[in-house]
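Shown next, in structure tokens, is the structure this report addresses.
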Amino acid sequence: MMTRREWMRQAGGVTAIAAIPQLLCSRGLAQTAANGGQAITGAGSLKDHAAARGLLTGCAVNANLLRDDEDFRKLLAEQYNIVVPENCLKWNILRPTAETYNFADADSLVAFAEANGMKVRGHNFVWHEALPGWFAATVNRDNAQKFLVDHIHTVGGRYKGKMHSWDVVNEAIWIPDGRPDGLRSSSPWFQMLGPGYIDLAFRTAREADPTALLTYNDYSIEYDSNDAGRKRTAVLALLRRMKADRVPLDALGIQSHLHAISKEGFSRGVRELIDGAKALGLQVFITELDVNDDAVATADMTERDKIVAAVYRSYLTTALDGPEVKAVLTWGVSDKNTWLNNGTKFRKQHPERLQRPLPFDPDYVPGPAFYAMRDSFDEAKKR
Ligand code: XIL
């Protein structure tokens, strides 16, 4: 983990030095110099502002930080009323071997949420990624259905009645695979079970936990571009087909991994998603919001933060326009820990600097994106 000094060194230059007094004086979180001492806890917290509009707000939680970092736990409890595990409910963490389950981290997270009056989203039952090392050599066409059903019964059953919602199937549409229905035929689940794996997963999830809101979750469906439009159309067609076939489905999760610099807007895209979900009687959740700032030219952190916050603001203003979106979760809490800084995959243009995609800075000081979220909640209609 990076110390603040290392972070500053990495960020470099005049801006970082200019930011030091503000960081130092706002460490306590109760107040910040940045907003003239306005409280950001209690009635000033994200969760209180969200709750006033009937909204849930939360974040993806890193299990190591939850275990080791007291400031992190305090921040979560202060700011959020829903959490989702970033990784610890995925197969590669839960299933060390084909016969065993490791629930340690997921149990801790659920206990933490219960102790702090927070809801929990389950993420996820079925995904083409994050499969354990033993998976490819063990799961085949003959036993895949049993593996899928047993997994959902075991994991869904363990947290039965405790989950606000479950991402039952994640990212099942992938246009480049070339199918007319857009299904990701390269997914191991598709290859072993055919397109029917999706309905099977949702029906099994309903059996395992009848009260969790069963969600289909996907990404790159928000923007007004042709590519996103094609993917969005395929997602909505899938959901329509599922509803017509009476598959239990309650919600659409829009991941919302956004970009600070983009030629395309998202107002039409988001509207189409929300209207499409609404027509099917589905709730909508913003499940993984963050703003990738790799393409921002300037290294000036203040400028980058402003650009990121403006994207939060306009996106949430669009998404919260009607009453359909019930929850807004960011993918992580602070810039200290974001998947966008894992390796350089998402830092191709500026590998020398770290991204700042989240509402809190690496010292857990709220940045402009925090205020953008809070202002967007304030402006939203009550739901
Ligand atoms: C990411 C995690 O953040 C990383 O830590 C992990 O290495 C890979 O998965 N869409 C999803 C999430 O649905 O599960 C992904 O999470 C990010 C993209």
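The values are calculated or read from the model by the stated rules, or taken from the named source; none is laboratory data. Since this is a predicted model, take the numbers as computed values, not measurements. For neighbour counting, all protein chains shown are included, and Cβ atoms are generated from backbone atoms with ideal geometry for every residue, glycine included.
Sort out which residues of region 83-110 are more than 16 Å from the ligand (Cβ to nearest atom) and either part of a loop (DSSP other than H, G, I, E, B) or within 20 Å of the chain's Cα centre (by Cα) (or both), and write them in order of number.
If the condition is that a residue be more than 16 Å from the ligand (Cβ to nearest atom) and either part of a loop (DSSP other than H, G, I, E, B) or within 20 Å of the chain's Cα centre (by Cα) (or both), then P96, T97, A98, E99, T100, Y101, N102, F103, D107, S108, V110 are the ones that fit.
What are the residues in region 25-66 that are part of a strand (DSSP E or B) and modelled with pLDDT of 95 or more, if any?
Listed by number, the residues that qualify are L56, T57, G58, C59, A60, V61.
Hey, K160 hits all of (1) over 11 Å from A205 (Cβ atoms); (2) away from the ligand (no atom under 16 Å from the Cβ); (3) surrounded by fewer than 17 Cβ atoms within 10 Å (Cβ to Cβ) but one; which does it fall short on?
Answer for K160: the failing condition is (1).
When the residues of region 284-328 are narrowed to those that are among the acidic types (D, E) and in a helix (DSSP H, G or I), which ends up farthest from the ligand (Cβ to nearest atom)?
Within region 284-328, the match that is farthest from the ligand (Cβ to nearest atom) is E303.
Being near the ligand (Cβ under 9 Å from one of its atoms) and of a type in the set (A, V, I, L, M) is the filter here; which residues of region 329-346 pass it?
Residue satisfying the conditions is L340 alone.
The rows are residues; the columns are (1) under 28 Å from A144 (Cβ atoms); (2) surrounded by fewer than 21 Cβ atoms within 10 Å (Cβ to Cβ).
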{"site": "L214", "(1), (2)": "yes, no"}
{"site": "D218", "(1), (2)": "yes, no"}
{"site": "Y223", "(1), (2)": "no, no"}
{"site": "R246", "(1), (2)": "yes, yes"}
{"site": "D275", "(1), (2)": "no, yes"}
{"site": "V284", "(1), (2)": "no, no"}
{"site": "D293", "(1), (2)": "no, no"}
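Every residue, every condition in (1) under 28 Å from P210 (Cα atoms); (2) touching a Phe, Trp or Tyr at 6+ places or on another chain (Cβ under 8 Å), yes or no:
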{"residue": "L239", "(1), (2)": "yes, yes"}
{"residue": "M242", "(1), (2)": "yes, yes"}
{"residue": "S267", "(1), (2)": "no, no"}
{"residue": "D275", "(1), (2)": "yes, no"}
{"residue": "F285", "(1), (2)": "yes, no"}
{"residue": "E288", "(1), (2)": "yes, yes"}
{"residue": "T298", "(1), (2)": "no, no"}
{"residue": "A310", "(1), (2)": "no, no"}
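Given the condition in a loop (DSSP other than H, G, I, E, B), surrounded by fewer than 24 Cβ atoms within 10 Å (Cβ to Cβ) and in contact with a strand residue (DSSP E or B) (Cβ under 6 Å, 6 or more places away or on another chain), answer yes or no: does some residue in region 366-383 qualify?
No.
For region 118-157, name all the residues that are of a type in the set (A, V, I, L, M, F, W, C) and within 16 Å of the ligand (Cβ to nearest atom).
V120, F125, V126, W127, A130, L131, F135, V155
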